[in-house]
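What follows is a short report on a single structure.
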Protein chains: 2
Amino acid sequence: MPPTLTAFEHSPDRGQGLARDMRVRWALEEAGQPYDVRLLSFEALKQPAHLALHPFGQIPTYEDGGLVLFESGAIVLHVAERHPGVLLPAAADARARAIAWMFCALNTVEPPVFERAMALVLERARPWHAARLAMLEERIHDRLHRLAAHLGDADWLEGAFSAGDLLVVSVLLRLKTSGLLDAFPSLARYLARGEARPAYQRAFAAQRAVFAAGEAARGGAAPG
Amino acid sequence: MPPTLTAFEHSPDRGQGLARDMRVRWALEEAGQPYDVRLLSFEALKQPAHLALHPFGQIPTYEDGGLVLFESGAIVLHVAERHPGVLLPAAADARARAIAWMFCALNTVEPPVFERAMALVLERARPWHAARLAMLEERIHDRLHRLAAHLGDADWLEGAFSAGDLLVVSVLLRLKTSGLLDAFPSLARYLARGEARPAYQRAFAAQRAVFAAGEAARGGAAPG
């Protein structure tokens, strides 16, 4: 039996590939690992059955035999470790560097990027929205500046593509339509290189199909 | 030669153990691994010599032979992997669960907690401060509620103490004087259990000594 992921039945990003199951789908596609998906409504996320799998009532989860995992970063690392040489280099020091970029994506780059996404949804009507958005975008700009300085004119952060690139690219995707990447053409190209990978394309299409099917069902049309 | 960490010469938290070198010191103490520390001024963090080690100009870094790592989560994981059975269980599934809690600490629990710390420093004079703080504390409360539900009356998140607990406790330390843990006595006890570990105590004393020596030097007093 292939592993099973959970994902949103109706992703709030309307199939743009920004939900966190996308990162795991992409890693599984890079590894050539088939997987099943169980779709969940927003209501189901907070029910005991799902909370038993994910303590915070979120997606994705990963079930494989008796193992249940949550946290997309941890699942990507687990997939990488099960498929040596695909998403993490074999040499010990290079492997540790790739893992450092995984944590960097999630604990250094993503927090201000995610805060910006939250502010755009939750604080748009607040009187402080514009001022706070400017503060957040300054923090993001600083992160992007440092990231671009490290990347230089390389294709990937540490030689070959790794799970570190997968997660950094996944975070940058949240900025794709923000205009914040305009000042960093090398990062825009880096993002485009990530999106051009066949494994990314397959993962994107799979999550997109979920959204399209949901739209068709809601509209009463035949599933596409 | 033991590995070398970098830490603040003068920690902004005044030796409360909230800077991110503390997490790595604690992990090294749990592993019984001696280490050296190189202290850096705020100016030195942004100089080319340090940026070559840490792309984002932060602490901590970890140098061991030819390996240079950044990101406290990645360094804790590296230390855990070098000392099997101390910070990660040996069994594959249990190990993956402990790593899931590491990512959870840094990507699910810490972001709103860190945003609150930032808001208290950067937004205190803004007219929106109180309203935004209330929003952030509601997000934190929700995370703590879920965390407490998972912990139940267990000592640690997944059986034995692991690197996952080390990072979750490290994040909860930021809330110690916030009052937000008052509604969750089991989490306050969990935090206290973490702080009571001899390895934590040794790590705390070591970072505290750096701060005390810096204060003594600035005051012109003899180093204590």
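Quick notes on this one:
- Measuring nothing but alpha carbons in the stretch B:1-76 and taking Rh as the Kirkwood radius, the Rg to Rh ratio lands at 0.94.
- Relative contact order computed over chain B (Cα-Cα under 8 Å; 6+ residues apart), in percent: 26
- Closest approach of a chain A Cβ to the axis relating A and B (residue, whole Å): A:TRP128, 2.
- Dipole magnitude (debye, nearest 20) for the stretch A:82-149, charges at Cβ of Lys, Arg, Asp, Glu: 120
- Shown here for the stretch A:51-157: trypsin sites (Lys or Arg not before Pro) in loop regions (DSSP other than H, G, I, E, B) with at most 14 other Cβ atoms within 10 Å, namely A:ARG124.
- For B:ALA52, inter-copy label distances in nm, listed shortest first [label point 7 Å out on the Cα-Cβ vector]: 5.6
- If R0 is 30 Å, the Cβ-Cβ spacing of A:ASP182 and B:GLN47 corresponds to a FRET efficiency of close to 0.60.
- Per the Debye calculation on the protein assembly as shown with a single equal scatterer at every Cα and no solvent contribution, log₁₀ I(q)/I(0) for q = 0.12 Å⁻¹ amounts to -1.09.
- Shape call, the stretch B:74-129: gyration tensor on alpha carbons, a/c limit 1.5: prolate
- Total charge dipole magnitude, chain B, about the Cα centre, Cβ charges on Lys, Arg, Asp, Glu only, Debye to nearest 20: 380
- Take A:PRO198, move 7 Å from Cα toward the beta carbon, and the resulting point lies 5.6 nm from the same point in each other copy, nearest first.
- With both labels modelled 7 Å from their Cα along Cα-to-Cβ, the A:GLU215 to A:MET1 distance reads 3.3 nm.
- Solvent-accessible surface (1.4 Å probe) assigned to A:LYS176 amounts to roughly 110 Å².
- Applying a length cut-off of 30 Å (Cα extent along the axis) and a mean Kyte-Doolittle floor of -0.5 to the DSSP H helices of chain A leaves A:129-151, A:198-219.
- Percent of C-alpha pairs per 5 Å bin in the stretch A:1-133, short distances first: 2, 9, 16, 19, 18, 16, 10, 6, 3, 1, 0.
- Spatial separation of Cα centroids for the stretch A:191-214 and the stretch B:129-149, in angstrom: 33
- Stokes-Einstein translational diffusion, the stretch B:150-224 - Kirkwood Rh over all Cα pairs, 0.692 mPa s, 37 °C, in µm²/s: 232
- Cα gyration tensor shape for the stretch B:61-180, rounded if a/c is under 1.5, else prolate or oblate: oblate
- With each label modelled as a point 7 angstrom along the Cα→C-beta vector, the B:ARG208-A:ALA160 pair spans 4.7 nm.
- Between copies, the label points of A:ASP182, set 7 Å from Cα on the Cα→Cβ line, lie 4.8 nm apart, reported in increasing order to one decimal in nanometres.
- Student exercise, the protein assembly as shown dipole from Lys, Arg, Asp, Glu Cβ charges, in Debye to nearest 20: 740
- Computed helical MRE - 222 nm, chain B, DSSP H runs ≥ 4 contributing -39500 (n - 2.57), nearest 500: -17000 deg cm²/dmol
- Contact order normalised by residue count of the stretch B:148-224, Cα under 8 Å, 6+ apart, percent: 23
- Computed from the alpha carbon positions, the gyration tensor of chain B leads to an equivalent ellipsoid with semi-axes of 27, 25, 17 Å, biggest first.
The values are calculated or read from the model by the stated rules, or taken from the named source; none is laboratory data. Predicted model only: the values in this text are computed from it and were never measured. Every residue, glycine as well, gets a Cβ built from its backbone with ideal geometry; the counts of neighbours run over all protein chains shown. These area figures cover heavy atoms from the full protein model, side chains too; ligands, DNA and RNA do not enter into them. Shrake-Rupley method; radii C 1.70, N 1.55, O 1.52, S 1.80 Å.
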